[in-house]
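The values are calculated or read from the model by the stated rules, or taken from the named source; none is laboratory data. Keep in mind the model is a prediction, meaning the values are calculated, not measured. Glycine also receives a Cβ, built like all others from the backbone with ideal geometry; neighbour counts cover every protein chain displayed. Quick note on the areas: whole protein, heavy atoms, side chains included, nothing else; ligands and nucleic acids left out. Shrake-Rupley method; radii C 1.70, N 1.55, O 1.52, S 1.80 Å.
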Amino acid sequence: MAVKLKVLEFANKVSRKKMGSKGGIKETDPEYMILEPVVTDEMAEVALGMVMRKPLSAAEIAANCGKPVDVTTRLLEELAMAGVCFVNTIDGVDKYWFDTWVPGIMEMMTNNKENVKKYPQIARAFEAYGRVRGSATAGAFPPGIGLMRVIPIETAIDGNSRKASYEEVSKYLNDNSIFSVSDCSCRTAREAMGEGCGHLKEDMCIQMGHAAEYYIRTGRGREITRDEAFEIIKRAEENGLMHQIPNVDGPGKTHAICNCCGCSCLSLRSAEMFINTDMVRSNYVSQVDVEKCVACGECVENCPTNALQLGQKLCGIKPVVIPERETPRDNDWGPENWNPDYRTNRKDVVDTGTSPCKTNCPAHIGIQGYIKLASQGRYTDALELIKHENPFPAVCGRICPRNCESDCTRGDIDDPVAIDEIKKFIAEKDLHSEHRFIPKIKKDYGKKIAVIGAGPAGLSCAYYLAVDGYKVTVFEKENKLGGMLTLGIPSFRLEKDVVNAEIDILKELGVEFKTGVEVGKSVSLADLRKQGYEAFYLAIGAQSGRKLNIEGEDAAGVISGVDFLRRVNLGEDVKLNGKVLVIGGGNVAVDVARTAVRTGADKVEMVCLETREQMPALPDELDEALSEDIAITNSWGPKRIIVNGGRVTGVEFKKCVSVFDENGRFNPSYDENITTIIEADHVLVSIGQSIEWGGLLDGSSAELNPNRTIKADSLTYQTGQPDVFAGGDVYTGPRFAIDAIAAGKQAAISIHRFVHPGQSLVIGRSRRQYQSLDKTNLDLEGYDRLPRQKSGHVQTASAKTSFSDLRVTFTEEQVRQETSRCLSCGATHVDTALCVGCGMCTTKCKFDAISLVRVYDSPGAAFEDLKPIVIKQILTRKVKIAGKKVTRSIKSMFDN
């Protein structure tokens, strides 16, 4: 395609370059490429008659370009509609001018939605501009002088005696009388490129004064009131977005307020990709009060530039040193110093690690945080913090495997903190309507999402999608909700009113439930698509028992453990008599055995392959079984079921020599010559669970693994069928409820992105990669030996036959004492080289542990005044770099 020479000439004029000169704009550069699709040479001839940032009438511009006024006026209007120039009515006359590329022409052109849709090249050129030109600005602008500037969230600097009015968002809104709101141009560009981050573009950026007049006139934005502008600011902050302004109008002046995210903003890329934070930063830097910080992670997850990461608070035998990041202020700066993958390599934890409890929790809940809140009696705040990652704390307080406690640092001193009991106490508050925490619904997207399966994975996904603002319907083939929570766990471990109370919160959030509907039989995924459902989350769980595949397994009296539990939980009149043999050594097998005791068995015995130490059941669960006189026989595997008259009479077992091979894989071996027979009237097989897909995947591109789990991406949970996501046991195989709950939240994040055009499922999201601090380097001397609080049981004569949960919840005094045992292992670390001083962290902290400190004192400068400031900065930087090199050279001489 022929080059439009006048368009190229105008691109050079905006860039203040001479066409054809070294460093001049070429036809392959983004400055030309953004204009090329919509600006003709005739339009460019008129544009060349304009003056940067100086309003001129059509008559004045016509005189400059030598065209008739009427033709000039028409072409100017076309340029204004395209986004190449501003137009305002000044003293009754329309006047036109062009601005800088950024902020200015590129954003305005990208805000023409029709053009971007028709010519994606516009979006690509806008994105490329900062990527291509950004490196040249590294170290060249002192703080507060960049073309865009972060303005702190106002509450973050309230009470700061050194704050200036130009650092307050309210000043700019109160100084203006006309406002508009438009889509975010950066997110529009990212979306057009298929690289959206899930932060959506609609109604994000506020224009004021001449920019608002222009945006309203050209249809780029809609007019709003000052009150509406303040409401947009508030909503942005609640949703984790920070503020920036064009910084070229002079100190204390601007024509727009952008509500930005670090994962799509093309301005913040200066800090994140080029580590050129001075180009955009405010006068402030985040500072953590380590004593107050509890490493809950809320600030880390909401930091737009990844300047905050979780680290260690406890003292080490050897000091934990986090290297200080170099910056372009006093260093030569090239590609080897950049972070081009900043949108996909975000880190939550410093290399030296953080709290073991948060690390080992599958949902990475802010455990230190809710323990501290509980110690302060702030139970609703504690619930809110827990529910950021786990909507079912009351359920998990009763059945969680307590990975957090297994690696609790306190356990290296005496006993682990009773984390689960503290959570259970907090969650008790949520079971009563007057104390419930019900999150605010963020938006109303009106999009329909179908969740298949009402177990922990499906319910978790539904919860987070509902909070985000989606119309969620959960389809459940059983007539009861809760999946294995309801049908697979006995009531003496998890009362069903607890499950129902937490499900009630989903109902209050607008989630619709349809029970007795088996998707794949009653209705297909294709049928649901026709009904308007835009995405699906498959969470049907592993609902069937695995078979032994041995002789006699089909005899009367032999049943799978999960089927036995389902029948009991559904209220069927299940009665066992005589001796019951439970085959299996996991937590489900313990539940089966204890339920058998309660359904009339005279004697219950568990037999498993593993040694007592190898048994997968939790120690507490085994203790419960033993207390109910359940026998446990280890290291035997079933060989055949002995049958008489079609009914089981016993099981022949063979000696299990080893369960795992030399690589630690499950691969049992036996001594076939050593056998034993155990008599039994009933055999309950509990050796694992299997997945029954039925017709659910008929006509789908989703694929299964050999073990019948579904193939899906490990981060996004998207299957081979793009609109189908899956999680929980159908993806991992049988695991704990907390694993399924964690998967449900991550799937909700992916589904939110999937149903909106142009959003990537991976860009800008946390990989949830946590690592524990090095406990071998901790100095744990001097801590008091405080006894762990015990919850106890209600002791009754009928305890062994009761289906009630007789475990007692902590008292408030016990909670107070137990929370005092927490060592508070972790704290947030601030990388000041990446911190832009937006203040988002301060709005998320519930502990007053992080604040903004005023480090710089720059009011900004008008574009016309920048040149001498930048030249001075460049010269000063060169001196610093040279001095640093000399210092290093001298040090090297003496070191050698």
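Does the range 207-235 hold any residues that are crowded, with 20+ Cβ neighbours inside 10 Å and assigned to a loop (DSSP other than H, G, I, E, B), and which are they?
Hit for the range 207-235 is R220, nothing else.
Tell me which residues, restricted to the range 329-344, are assigned to a loop (DSSP other than H, G, I, E, B), touching a residue at least 12 places away in the same chain (Cβ under 8 Å) and open to solvent by 20 Å² or more (accessible area, probe 1.4 Å).
Of everything in the range 329-344, those that are assigned to a loop (DSSP other than H, G, I, E, B), touching a residue at least 12 places away in the same chain (Cβ under 8 Å) and open to solvent by 20 Å² or more (accessible area, probe 1.4 Å) turn out to be R329, D330, D332, W333, W338, N339, P340, Y342, R343, T344.
Give me the residue from the range 701-740 that is assigned to a strand (DSSP E or B) and over 26 Å from K442 (Cα atoms) and, out of that set, most open to solvent (accessible area, probe 1.4 Å).
L704
Restricting attention to the range 661-682, does a residue exist that is assigned to a loop (DSSP other than H, G, I, E, B), modelled with pLDDT of 95 or more and under 30 Å from T633 (Cα atoms)?
yes
Output the qualifying pairs, or none if there are none: Cβ atoms under 7 angstrom, residues six or more apart or on different chains, first residue in the range 249-270 and part of a helix (DSSP H, G or I), second residue hydrophobic (A, V, I, L, M, F, W, C).
Within 7 Å, the pairs are S270/M279; S270/V280.
Looking only at the range 113-159, filter to residues that are part of a helix (DSSP H, G or I) and of a type in the set (D, E); which one of those is surrounded by the fewest Cβ atoms within 10 Å (Cβ to Cβ)?
Among residues in the range 113-159 that are part of a helix (DSSP H, G or I) and of a type in the set (D, E), the one surrounded by the fewest Cβ atoms within 10 Å (Cβ to Cβ) is E114.
Please go through the range 98-120 and give me each residue that is touching a Ser or Thr at 6+ places or on another chain (Cβ under 9 Å) and charged (D, E, K, R), ordered by number.
If the condition is that a residue be touching a Ser or Thr at 6+ places or on another chain (Cβ under 9 Å) and charged (D, E, K, R), then E107, K113 are the ones that fit.
Just need a number here: residues in the range 89-101 that are open to solvent by 30 Å² or more (accessible area, probe 1.4 Å), among the β-branched types (V, I, T) and either over 47 Å from the mean Cα position of the chain (by Cα) or under 17 Å from D249 (Cα atoms) (or both).
Qualifying residue count for the region: 2.
Are any residues in the range 767-790 surrounded by 16 or more Cβ atoms within 10 Å (Cβ to Cβ), of a type in the set (S, T, N, Q) and farther than 18 Å from K313 by Cα, and if so, which ones?
Q789, the sole residue that qualifies.
Could you list all residues from the range 118-169 that are more than 24 Å from S264 (Cβ to Cβ), touching a Pro at 6+ places or on another chain (Cβ under 8 Å) and of a type in the set (G, A, S)?
G139, A164
Please go through the range 17-51 and give me each residue that is more than 42 Å from the chain's Cα centre (by Cα) and touching a residue at least 24 places away in the same chain (Cβ under 8 Å), ordered by number. Before the answer, list the steps.
Looking only at the range 17-51, we keep the residues that are more than 42 Å from the chain's Cα centre (by Cα), and these are 17-24, 40-51.
Residues satisfying the conditions are T40, D41, E42, M43, A44, E45, V46, A47, L48, M50, V51.
One line per residue, one yes/no per condition, for (1) under 27 Å from D430 (Cβ atoms); (2) touching a residue at least 24 places away in the same chain (Cβ under 8 Å); (3) outside any helix (DSSP H, G or I); (4) not basic (K, R):
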site: E781; (1), (2), (3), (4): no, no, yes, yes
site: D784; (1), (2), (3), (4): no, no, yes, yes
site: S791; (1), (2), (3), (4): yes, yes, yes, yes
site: S804; (1), (2), (3), (4): yes, yes, yes, yes
site: S824; (1), (2), (3), (4): yes, yes, yes, yes
site: A827; (1), (2), (3), (4): no, yes, yes, yes
site: C838; (1), (2), (3), (4): no, yes, yes, yes
site: D848; (1), (2), (3), (4): yes, yes, yes, yes
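State all residues of the range 232-256 that are out of contact with any strand residue (DSSP E or B) (no Cβ under 9 Å at 6 or more places or on another chain) and charged (D, E, K, R); if no residue qualifies, say none.
Of everything in the range 232-256, those that are out of contact with any strand residue (DSSP E or B) (no Cβ under 9 Å at 6 or more places or on another chain) and charged (D, E, K, R) turn out to be K234, E238.
Taking the stated definitions as given, is E326 open to solvent by 50 Å² or more (accessible area, probe 1.4 Å), in contact (Cβ under 8 Å) with a residue 60 or more places away in the chain and in a helix (DSSP H, G or I)?
Answer is no for this residue.
Tell me, please, whether a residue that is under 30 Å from the mean Cα position of the chain (by Cα) and on the phi < 0 side of the Ramachandran plot can be found in the range 776-798.
Our first condition is that a residue be under 30 Å from the mean Cα position of the chain (by Cα); within the range 776-798, this holds for none.
Within the range 776-798 (the criterion being under 30 Å from the mean Cα position of the chain (by Cα) and on the phi < 0 side of the Ramachandran plot), the answer is no, since none of the residues qualifies.
Which members of the range 470-486 meet the condition of being within 27 Å of the chain's Cα centre (by Cα), outside any strand (DSSP E or B) and within 11 Å of G455 (Cα to Cα)?
Listed by number, the residues that qualify are L481, G482, G483, M484, L485.
Just one of K891, K878 is surrounded by 11 or more Cβ atoms within 10 Å (Cβ to Cβ) and free of Cβ contacts under 8 Å to residues at least 12 places away in the same chain; which is it?
Being surrounded by 11 or more Cβ atoms within 10 Å (Cβ to Cβ) and free of Cβ contacts under 8 Å to residues at least 12 places away in the same chain holds for just one of K891, K878, which is K878.
So how many residues does the range 741-756 have that are under 23 Å from M484 (Cβ atoms) and open to solvent by 10 Å² or more (accessible area, probe 1.4 Å)? Give the steps one after another, and end with the answer.
Within the range 741-756, the subset under 23 Å from M484 (Cβ atoms) is 741-748, 751.
Applying the additional criterion that residues be open to solvent by 10 Å² or more (accessible area, probe 1.4 Å) yields 742, 745-746.
Summing the residues that are under 23 Å from M484 (Cβ atoms) and open to solvent by 10 Å² or more (accessible area, probe 1.4 Å) in the range 741-756 gives 3.
Considering only the range 37-65, how many residues are assigned to a loop (DSSP other than H, G, I, E, B) and crowded, with 20+ Cβ neighbours inside 10 Å?
Residues flagged as assigned to a loop (DSSP other than H, G, I, E, B) and crowded, with 20+ Cβ neighbours inside 10 Å within the range 37-65 amount to 4.
Identify, please: which residue in the range 501-526 is polar (S, T, N, Q) and at pLDDT 95 or above and is, among those, nearest to R807 (Cα to Cα)?
Looking at residues that are polar (S, T, N, Q) and at pLDDT 95 or above, I get T515.
Quickly run through the range 416-435 and pick out the residues that are of a type outside the set (A, V, I, L, M, F, W, C) and either assigned to a helix (DSSP H, G or I) or modelled with pLDDT under 95 (or both).
D420, E421, K423, K424, E428, K429, D430, H432, S433, E434, H435
Output the number of residues of the range 365-385 satisfying the condition of being farther than 17 Å from H432 by Cα, surrounded by 23 or more Cβ atoms within 10 Å (Cβ to Cβ) and not charged (D, E, K, R).
10
If we keep just the residues of the range 612-636 that are part of a helix (DSSP H, G or I) and over 37 Å from the mean Cα position of the chain (by Cα), which is surrounded by the most Cβ atoms within 10 Å (Cβ to Cβ)?
Selected residue: A625.
Search the range 821-880 for residues being more than 21 Å from the chain's Cα centre (by Cα) and basic (K, R), and hand back the single one that is farthest from P356 (Cα to Cα).
Here the answer is K867.
Pick out the one residue from A454, A427 that is in contact (Cβ under 8 Å) with a residue 60 or more places away in the chain and surrounded by 24 or more Cβ atoms within 10 Å (Cβ to Cβ).
Within the list A454, A427, the selection yields A454.
V604 is checked against (1) over 20 Å from N549 (Cα atoms); (2) part of a strand (DSSP E or B); (3) open to solvent by 10 Å² or more (accessible area, probe 1.4 Å) and fails just one. What number does that condition carry?
(3)
Can you find a residue that is touching a helix residue (DSSP H, G or I) at 6+ places or on another chain (Cβ under 6 Å) and polar (S, T, N, Q) anywhere in the range 815-822?
So far as the range 815-822 goes, yes, one or more of its residues are touching a helix residue (DSSP H, G or I) at 6+ places or on another chain (Cβ under 6 Å) and polar (S, T, N, Q).
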